[in-house]
Structure formats: structure tokens, C-alpha cells
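Working notes, beginning with the structure itself.
The values are calculated or read from the model by the stated rules, or taken from the named source; none is laboratory data. Owing to the predicted nature of the structure, the values given are computational and were not obtained by experimental measurement. As a convention, Cβ positions derive from the backbone with ideal geometry for all residues, glycine included, and neighbour counts pool all protein chains shown.
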Amino acid sequence: MLQRPRRNRKSEVIREMVKETYLSASNLILPLIITEGDNKKIEVASMPGVYRLSIDNLLREVESCLNLGLKAFDLFPNIDEALKDKYATISYHEECLYLRAIRAIKARFPEACVITDVAMDPYSSDGHDGIVENGEILNDETLEVLGKMALAHARSGADIIAPSDMMDGRVGYIRKMLDDNGFTNISIMSYSAKYASAFYGPFRDALDSAPKFGDKKTYQMNPANQREALIEAALDEQEGADFLMVKPALAYLDVIKLVNDHSNLPVAAYNVSGEYAMVKAAAQKGWLDERRTITEILTSIRRAGASAILTYHAKEVLENRWI
Ligand SMILES: NCC(=O)CCC(=O)O
Ligand SMILES: [Mg+2]
């Protein structure tokens, strides 16, 4: 045998020398869930180690992450049911919990990169990502709400706006809204290929944002489809996106690779709540080695082509010095 691939695995030094994929704090984005109140830190039952935080505790969390070198955060709100309506009106109200949280982080930690989620579902009495009429999710009417929400985020200090709703044309609509209002420098990280996935279950518990009727299959993608992700990605690129996101990540590594091969924009991948919950549950039972499983999952998402990974594991991998 002239070629013996095992020679390049014979020692730690050589294995490290030929290593192809790196994972570091700069690749990671931590999703954080915000709730109203003072000194609140409520663990999400299906996501051990993930908490709904009131703004005071959110600031403590951001500070401890910054000290670990984790500098990018994606915020999600748990909104009081009484404040929700059909049009997600509260989402762009000056005193909305979410906008207060953005302002609080940017005032205290201007160096933190704040990514904001644009979608109606946390604020919608229907629990959908669009305006509902006769059981249908309206596309173009929803864009107006998303535009107002994005503008409110920009005014509050967001660094990157991340529309997660999957309405057609929303990246272009939001880009124009931002540009017309002087926010040409604010980036858009588009959830380009967001699948109608069972893996979002724990997150919807965390936000109390499950749809009140039906499902999200008329706007989120069918898990059976791959080529369609390229249509979505190409449109978002034409409409002015700065990042293309694939979500979920682990069951969609082929889609991450495909989007990365077809676009020169950076690809982000969302390692979602259900992926997190599976690992935590198995680790708690002693069925999986937590450290090795988590680092393998994150490395495989990077290997598939993601520049940035949104993951609930972001802080623990740094705290425990797993990467
Ligand atoms: N728009 C953000 C999400 O839907 C997150 C889903 C998850 O972590 O399961
Ligand atoms: Mg789209």
C-alpha cells in the first residue's frame, strides 16, 4: 500500500496538523429568551440550562458571555398573552419588552452584536408568522408589519436584523425600509431555508408561541425539499440579504452545504431547540457523552459550510472550555 491514511492519524500532533474544520467563539451566536419582570430566571422545562430572563438578568448573562469571548446574541421574547393581537401591534410599540431589551444591551455593552428576530409569531394572537384571514396567512399585508418591526429594531440599536417568518419578498421589503430610513449599515441575516420542522417544539414552549390553529406548512419549507432551498437563497441574495440561514441544522447538513456551494454569502445555521433537547435528555440519562456529542455536532455544522452557528450550547462550550 502506497497510501495509508492512518499515518496522518498516528499522533495528536499530526491529527491537529491535518485538521480541516475549526470551531471558535467567533462562529457562535447565542439565542436568548427575554421575559417581563425583575430578577426573573425561569428554566425552560424541555431545554435544561436555557432560561427566560428578565432584562436585568439578560444584562448579567450578556456580560458573562462577553467575558468568555462570546459576542453575538439573538434575542427572542416571551410576550404576555394579553398583549398579543392579530397584527402583532405591540412588536413595534416604543415600550415593547423586546425593544427595551435591545436598547438596554446596546447602552451597556455597545460592543455586543445584537441580532434581532423579525417575525409576528411571538406577538400574534394567532401564533402565526403572518396576518391571518379566513384561516389563510396573508403574505403582502404581513410585509408591512415586518417592515415596521425591523425599523423599530434598527431604531433601538440592532446590529443585524434576522427575519424568520418565511414570507416571500420580505428581505427586499425590509432592506428598502431600512435604507429609506438611513439604516443602510444594518445587516440582514435571512432565514432563507426554514423548514416546517418538529424540532422547534421546545422553543415554542419557551415562548408560548405555538400556532393557535393549523401548522406552518404554507410558509415554512417541506423537509423533503432541497432544490427549493436554492430558490429561496437566490431570492434573498437578490433582495439584499447579507447572510443566508438554514434552519434546523443537524437534519439539514446537506442543505447547508448546498446553499454554501451556490452562494458567496456567508451561511448561518440554526442548531434549534429540539436538537438541543435531544442531546440534553440523552446526556442526563448517561446515554451520550455530552462534551463529545456537542462538539461533534457543532463541528459537523461548520464542516457542512456554516460560518455562523446559532446554538443554545454557545455559552456552555466556552465555559467548560470544550472548544
Ligand atoms: N425563529 C426562531 C425559532 O423559531 C427558534 C426555533 C428553535 O430553536 O427551535
Ligand atoms: Mg423566502
> From the set of residues in region 297-323 that are under 25 Å from R60 (Cα atoms) and out of contact with any helix residue (DSSP H, G or I) (no Cβ under 9 Å at 6 or more places or on another chain), which is nearest to ligand 1 (Cβ to nearest atom)?
Replying inline: L310
>> When you scan region 212-232, do you find a residue that is within 11 Å of ligand 1 (Cβ to nearest atom) and not aromatic (F, W, Y), even just one?
In response: yes
> From the residues in region 137-180 that are in contact with a strand residue (DSSP E or B) (Cβ under 6 Å, 6 or more places away or on another chain) and part of a loop (DSSP other than H, G, I, E, B), which one is nearest to C96 (Cα to Cα)?
Replying inline: A158
>> Checking the structure you have, find out if any residue of region 198-211 is farther than 26 Å from Y276 by Cβ and surrounded by fewer than 23 Cβ atoms within 10 Å (Cβ to Cβ).
In response: no
>> I'd like the full set of residues that are in contact with an Asp or Glu (Cβ under 7 Å, 6 or more places away or on another chain), among the hydroxyl-bearing types (S, T, Y) and within 12 Å of Y219 (Cβ to Cβ), limited to region 163-200.
In response: S164
>> Step by step: first the residues of region 165-191, then only those that are closer than 21 Å to V114 by Cβ, touching a helix residue (DSSP H, G or I) at 6+ places or on another chain (Cβ under 8 Å) and aliphatic (A, V, I, L, M), then the one that is nearest to ligand 2 (Cβ to nearest atom). Which residue is that?
In response: V171
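Can you spot a residue in region 209-225 that is of a type outside the set (V, I, T), away from ligand 2 (no atom under 14 Å from the Cβ) and at positive phi?
Taking every residue of region 209-225 in turn, at least one turns out to be of a type outside the set (V, I, T), away from ligand 2 (no atom under 14 Å from the Cβ) and at positive phi.
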>> Given the condition over 23 Å from E94 (Cβ atoms), assigned to a helix (DSSP H, G or I), away from ligand 1 (no atom under 16 Å from the Cβ) and over 16 Å from the mean Cα position of the chain (by Cα), answer yes or no: does some residue in region 125-136 qualify?
In response: no
> Can you name the residue in region 287-323 that is free of Cβ contacts under 8 Å to residues at least 12 places away in the same chain and either touching a Cys at 6+ places or on another chain (Cβ under 6 Å) or part of a helix (DSSP H, G or I) (or both) and, of all such residues, is farthest from D261 (Cα to Cα)?
Replying inline: E290
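One residue is enough: does region 265-274 have a residue meeting the conditions crowded, with 17+ Cβ neighbours inside 10 Å, among the hydroxyl-bearing types (S, T, Y) and within 22 Å of E61 (Cβ to Cβ)?
yes
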>> Among the numbered criteria (1) more than 15 Å from the chain's Cα centre (by Cα); (2) away from ligand 1 (no atom under 12 Å from the Cβ); (3) surrounded by 19 or more Cβ atoms within 10 Å (Cβ to Cβ), which one does F243 miss?
In response: (1)
>> For region 267-282, check the following and say yes or no: at least one residue is more than 17 Å from the chain's Cα centre (by Cα), over 20 Å from R321 (Cβ atoms), of a type in the set (K, R) and modelled with pLDDT of 95 or more.
In response: no
>> Based on this model, can you work out whether V279 counts as out of contact with any strand residue (DSSP E or B) (no Cβ under 8 Å at 6 or more places or on another chain) and either within 15 Å of ligand 1 (Cβ to nearest atom) or basic (K, R) (or both)?
In response: yes
>> Taking the criterion of being farther than 18 Å from M189 by Cβ and part of a strand (DSSP E or B), would at least one residue in region 100-117 satisfy it?
In response: no
